[in-house]
Amino acid sequence: MLPWLTSLAANPSSIHAPGRAARKAVESAREAVASALGVLPDEIVFTSGGTESDVLAVRGAALAARERESGRSRVVFSAAEHPAVREAGLSLAGDGFEPVEVPVDRDGLPDEDGLASALDAKAAVVSLILASNETGAVNVLMPDAARIAHAVGAVVHTDAVQAVGKVPVRPGALGVDLLSFTGHKFGGPKGAGGLWVRKGVRLRPLFKGGGQERGRRGGTENVPAIVGLGAALTAAVAGMDAEALRVAALRDAFEAELLVRVPGARINGPGAVRGERLPTVSSVTFPGADGETLLAALDLEGVAASSGSACASGTPSPSRVLLACGMPVAEVRATLRFSFGWTSSEADVATLLEILPGLVARVRAV
């Protein structure tokens, strides 16, 4: 990224030599992302991150679908969606759409009967998260859900922000039409993301400008961030299999020992029968402990954890996603998320296991 932050700072829409060099850098990154996802380069739209990608997908596809067919007036999403998707869906009520939130099971997977009942000729867009940002649950039902949605003519979007760069993601195998991702989830810079748009799928732009991104996202491209996103995803995919095994081993070792050392602790997420989890996420409930107090105690010990989605942390409300999974409010408030990644080590896990049991006991006593 450094050259594009300093000496090579030209506008990629300019026709002079520096501008052509910037354009080449953007298109090289586009080709790298497309290769990682197994799609065509011109199907990749660069955005400012996951939230913009989600909103562009949900709102842009819904409005375009209604322009094509006036009866397309329903937008469907699950109760386990990231706030970006949920709020985009709800906002469409102001445009005359009917938002329908499908309930989820205890693992956060969409209720199949609820999804089927919401899908008919009115459905414009269906958005289902691929991997939960709170429990790590992977939606193994996605291909089946996409087939049902396509049978009634709906466009299918998936928020794959948590999955891309960590586990294999192929839009074609998932059967979806739109797929969101963002760079900082796989080591790239914050402020750069993307939306895969299957060829032939129409979107109404959130904002228009100079025709950048083939008219789907106006505004001068963030060249340094896009270059960084492409480089990070290339590196993440190259080492994905080995890294996933390493990180999953750290997570599993942490969970197994934690359940021994902390009485009553419970791991949240799908079991071996129904589905699978990302290797990077461990959602743990500590009954009788206040999660925010435990977070503060961990922070004082140099441990960074979360009480849910980082995008919603710091709010007084309990996790909407965990509540939708049927967890009681008291347990939701006693739940923390521990994230594992390429910087995590066995020493980190050992240190955490030394610190955590005592802190839980102290917080429970309070």
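The values are calculated or read from the model by the stated rules, or taken from the named source; none is laboratory data. The structure presented is a predicted model; accordingly, all values stated were derived computationally and were not measured. With ideal geometry, Cβ positions are generated from the backbone for all residues, glycine too; neighbour counts draw on all protein chains shown.
Data table
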| read-out | value |
| --- | --- |
| Those helices (runs of 4 or more DSSP H) lying entirely in the range 1-72 with at least 2 residues of a type in the set (S, T, N, Q) | 17-37, 50-68 |
| Considering residues of the range 207-238 that are in contact with a strand residue (DSSP E or B) (Cβ under 9 Å, 6 or more places away or on another chain) and assigned to a loop (DSSP other than H, G, I, E, B) only, the residue surrounded by the most Cβ atoms within 10 Å (Cβ to Cβ) | ARG217 |
| Flag for ASP241 being surrounded by fewer than 20 Cβ atoms within 10 Å (Cβ to Cβ), under 21 Å from the mean Cα position of the chain (by Cα) and without any contact (Cβ under 8 Å) to a residue 24 or more places away in the chain | yes |
| Members of the range 75-104 that are among the aromatic types (Phe, Trp, Tyr) and part of a strand (DSSP E or B) | PHE77 |
| In the range 72-107, the residues that are closer than 18 Å to GLY50 by Cα and basic (Lys, Arg) | ARG86 |
| Count of the range 172-203 residues which are surrounded by fewer than 21 Cβ atoms within 10 Å (Cβ to Cβ), within 16 Å of VAL126 (Cα to Cα) and either touching a residue at least 40 places away in the same chain (Cβ under 8 Å) or not assigned by TED's automatic domain parsing to the domain that holds SER14 (or both) | 4 |
| Any chance ARG214 is touching a Ser or Thr at 6+ places or on another chain (Cβ under 9 Å) and basic (Lys, Arg) | no |
| Qualifying residue in the range 63-70 (condition: under 25 Å from VAL138 (Cα atoms), buried (at least 23 other Cβ atoms within 10 Å of the Cβ) and either modelled with pLDDT of 95 or more or within 23 Å of the chain's Cα centre (by Cα) (or both)) | no |
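Per-residue answers, yes or no, for (1) within 30 Å of ALA235 (Cα to Cα); (2) at pLDDT below 95; (3) in the same structural domain as LEU250 (by TED's automatic domain parsing):
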residue: SER307; (1), (2), (3): yes, yes, yes
residue: PRO316; (1), (2), (3): no, yes, yes
residue: VAL349; (1), (2), (3): yes, no, yes
residue: LEU359; (1), (2), (3): no, no, yes
